[in-house]
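Novice: First the structure, then my questions, so here it is.
Bear in mind these aren't lab numbers, they're just calculated from the coordinates by the rules spelled out. Only a predicted model underlies this, so the values are computations on that prediction, with no experimental measurement involved. Here Cβ is always computed from backbone atoms with ideal geometry, including for glycine, and neighbour counts include all displayed protein chains.
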Amino acid sequence: MGIKGIDVSHWQGDTNWNKVAGDGIKFAYMKATEGTTLKDKKFEKNVSAANAAGIKTCAYHFARFGSKSEALAEAKFFLSAVKKVSLLYLILK
């Protein structure tokens, strides 16, 4: 069996990160942003609590762009959100 991880966003509500760690989860992908205006309202809290529980944290952006200029704007928005937290990985998808 491989290393277990999860994907979380505000849709999962409040996460008990100590219980998640106790269940053998080693990493969590967390939605940070979407488009150029949506920052996941649980992102910073989830990263902080997961890090405190010893879970490696990763962030991703849900892309909505239709042009090169929109893609650049979304990337800048994502980077502005994730620079405020301590992460192991960043994922653009």
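Novice: If a residue must be among the β-branched types (Val, Ile, Thr) and closer than 15 Å to residue 5 by Cβ, how many such residues does the range 16-75 contain?
Specialist: Initially, the range 16-75 is screened for residues among the β-branched types (Val, Ile, Thr), giving 20, 25, 33, 36-37, 47, 55, 57.
Then keep just the ones that are closer than 15 Å to residue 5 by Cβ; that gives 20, 25, 47, 55, 57.
So the count comes out to 5.
Novice: Now, a different point. Take the residues in the range 15-34 that are of a type in the set (Gly, Ala, Ser) and assigned to a strand (DSSP E or B), then tell me which one is surrounded by the most Cβ atoms within 10 Å (Cβ to Cβ).
Specialist: By that ranking, first place goes to 32.
Novice: Only residues that are among the β-branched types (Val, Ile, Thr) and either under 13 Å from the mean Cα position of the chain (by Cα) or within 16 Å of residue 82 (Cα to Cα) (or both): list them for the range 16-54, please.
Specialist: Scanning the range 16-54 gives 33, 36, 37, 47.
Novice: Considering only residues that are of a type in the set (D, E, K, R) and free of Cβ contacts under 8 Å to residues at least 24 places away in the same chain, which ones fall in the range 29-77? Explain how you work it out, then say what you get.
Specialist: So the first thing to find is which residues in the range 29-77 are of a type in the set (D, E, K, R), and the list is 31, 34, 39-42, 44-45, 56, 64, 68, 70, 74, 76.
Within the range 29-77, 45, 68, 76 meet the criteria.
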